[in-house]
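Worksheet: the structure to be examined is printed underneath.
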């Protein structure tokens, strides 16, 4: 029989996920500051969404990042002010915006990916490709379960 672990213990799954998330966030922000970028982690998340889905509209970005539309509007306005993204009126629906990354935004995205590369390589050394795929699938299923569960 294993000993009881209090919820604050790193062995508690939720706490462990939070700790890993926090440490990744700190690492990304520190590296970006060293490269001359002044972004919050939420801005990083939104920028990644815009870079990876060219022409994404704010509603789709809100769904993709699990954030409220008003938060997406505020954050994308700040990213636009920093020259990271551009907003253009949608040709499909003249009432909607399409978001695109600027050259500066793409350069920042590349910096994020470059700085996370050693972490990814180390992680891949510790797990084989199949284990990584399983880990990714489990996290996605857990996220989907929590998302579905929280909507009831």
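The values are calculated or read from the model by the stated rules, or taken from the named source; none is laboratory data. What you see is a predicted model; the values in this text were computed from it and never measured. So basically every Cβ, Gly included, is an ideal-geometry build from the backbone, and we count neighbours across all protein chains shown.
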**Criterion: in contact with a helix residue (DSSP H, G or I) (Cβ under 9 Å, 6 or more places away or on another chain) and either at pLDDT 95 or above or farther than 18 Å from residue 101 by Cα (or both) - qualifying residue of 17, 32, 23** = 17
**Asked** Which residues, counting only those in region 103-113, are loosely packed, with under 14 Cβ neighbours inside 10 Å and within 15 Å of the chain's Cα centre (by Cα)?
**Response** 110, 113
**Every residue from region 63-72 that is surrounded by 14 or more Cβ atoms within 10 Å (Cβ to Cβ) and under 18 Å from residue 89 (Cα atoms)** = 72
**Message:** Considering only residues that are part of a helix (DSSP H, G or I) and loosely packed, with under 14 Cβ neighbours inside 10 Å, which ones fall in region 25-62?
**Reply:** 26, 27, 30, 33, 34, 52, 59
**Message:** Looking only at region 53-79, filter to residues that are out of contact with any helix residue (DSSP H, G or I) (no Cβ under 8 Å at 6 or more places or on another chain) and more than 14 Å from residue 98 (Cβ to Cβ); which one of those is modelled with the lowest pLDDT?
**Reply:** 63
**Message:** Take residue 100 and tell me if it is surrounded by fewer than 15 Cβ atoms within 10 Å (Cβ to Cβ), in contact with a strand residue (DSSP E or B) (Cβ under 6 Å, 6 or more places away or on another chain) and modelled with pLDDT of 80 or more.
**Reply:** no
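If the requirement is being on the phi < 0 side of the Ramachandran plot, free of Cβ contacts under 8 Å to residues at least 40 places away in the same chain and touching a strand residue (DSSP E or B) at 6+ places or on another chain (Cβ under 6 Å), which of these qualifies: 95, 87? Reasoning before the result, please.
Values: 95 fails: touching a strand residue (DSSP E or B) at 6+ places or on another chain (Cβ under 6 Å).
None of the other options fit; the residue is 87.
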